[in-house]
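Below is one structure; the comments refer to it alone.
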Amino acid sequence: MATLTGAGISAESGVPTFRGPGGLWRNFRPEDLATPEAFARNPNLVWEWYDWRRSLIAKAEPNAGHRALAELESRKAGKFWLITQNVDGLHDRAGNRRIVKLHGDIWTVCCVGCGAEKRNVQVPLAPLPPRCECGGMLRPGVVWFGEMLPAKALEQAYAIAQRAEVFLVLGTSSVVYPAAALPRIAFDHGARVIEINLEPTELSSLAHISLRGKVGELLPQILTGAR
Ligand code: OAD
């Protein structure tokens, strides 16, 4: 059993999504804030935006949807994988350990000079842009538009999708590839694909079951029913 999660699962924790009403990409241009070119042009601006997001996320708590997935992992004892597009770390904080992070982690920083990667939970970050011990500039440890996904995570995610018997797709618009290919791969390999989303998505017509509503409300109900 496996799941793919997107920004919608963190919406109930107060973390903005990207494309819905109030979504980040409604108010900000990705090409100004989430590309390697934007960072090269204006690292301060990019860091200010990430610092703002980090402070927002730091105040957020995992919600009932995150907690239900942590419970699922403990129930399934070694047979449940969580693949996420989210960088907020709320799945870790809820207690999941078998997590594949496709788009990185906002709580890691990478040196553009020496390539060192480390965890950094300082909020707010000062001074901006932060620097590595080697003197190089640090960047957020997330995947930007135009960049490849981490190869190991992607490979692992494909393998999980191919093996899953049940594949849950929670709170994602299913428009960003390669993540959006995973439920389709799972489907092609015989998985039951179950979607929970507030609205119909690109995946809804393919899913065996597509439920309309909040992950934080529906998923705990399903788990209670499946006891
Ligand atoms: P989106 O913002 O594209 O989609 C969020 C989805 O969650 C929408 O389909 C909403 O209808 C749904 N939703 C919102 N609240 C919900 C709730 N409480 N319960 C259930 N569904 C809810 O976010 P993602 O699909 O995660 O990439 O976006 C994918 C990627 O696009 C992100 O990882 C990010 C972005 O650009 C990078 O930064 C690389």
At a Förster radius of 22 Å, what calculated FRET efficiency corresponds to the Cβ-Cβ distance of Val166 and Ala77, to the nearest 0.05?
-> 0.90
Expected max-MSF residue from Ala70, Ala11, Ala38 in the GNM of the chain (alpha carbon, under 10 Å) is Ala38
Exposure rule at most 14 other beta-carbon atoms within 10 Å, DSSP loop chymotrypsin sites (Phe, Trp or Tyr not before Pro): the chain longest free segment | 29-144
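What FRET efficiency comes out for Val112 versus Thr224 if R0 is 41 angstrom and r is the Cβ-Cβ distance? Round to the nearest 0.05.
Details: r = 47 Å, r/R0 = 1.16.
Step by step, r from the Cβ atoms, then E = 0.30.
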Tally up the carbon and sulfur contribution to the accessible surface of the chain as a whole percent, 1.4 Å probe, everything protein left in place.
-> 54 percent
Projected onto the charge dipole of segment 2-225 (unit charges on the beta-carbon of Lys, Arg, Asp and Glu, signs +1, +1, -1, -1), the Cα from Pro140, Leu223, Thr17 with the largest positive-side position is that of Leu223
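Expected output is a single nm value to one decimal: the length gained when fully extending between Val123 and Glu31, i.e. 0.36 nm times separation in residues minus the C-alpha distance. What is it?
Working: separation 92, 0.36 × 92 = 33.12 nm, distance 2.46 nm.
Answer, rounded to one decimal: 30.7 nm.
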With only helices counted (DSSP H, runs n ≥ 4, each -39500 (n - 2.57)), the per-residue ellipticity at 222 nm for the chain, to the nearest 500, works out to -10500 deg cm²/dmol
Solvent-accessible area of Lys79 with every protein chain in place, 1.4 Å probe, in Å² to the nearest 10 = 150 Å²
What is the count of Lys pairs in the chain whose alpha carbons sit under 26 Å apart, if the two are 8 or more places apart or on different chains?
-> 13
In the chain, taking the dipole from +1 charges on Lys and Arg beta carbons and -1 charges on Asp and Glu beta carbons about the Cα centre, the listed residue (Asn86, Phe39, Ile99) farthest towards the positive end is Ile99
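Rolling a 1.4 angstrom probe over the protein heavy atoms, how many square angstrom per residue are accessible across the chain? Don't skip to the end; give the middle numbers.
Details: 10990 Å² over 227 residues.
Result: 48 Å² of accessible area for each residue.
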Gaussian network model of the chain, springs between alpha carbon atoms under 10 Å - residue of Pro127, Pro36, Pro16 with greatest fluctuation = Pro127
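The values are calculated or read from the model by the stated rules, or taken from the named source; none is laboratory data. Small disclaimer: the values here were computed from a predicted structure and weren't measured. Positions of Cβ are generated from backbone atoms using ideal geometry, with glycine treated the same way; all protein chains shown enter the neighbour counts. Ligands, DNA and RNA are stripped out before the accessible areas are found, and what is left, the full protein with its side chains, is counted by its heavy atoms. Shrake-Rupley method; radii C 1.70, N 1.55, O 1.52, S 1.80 Å.
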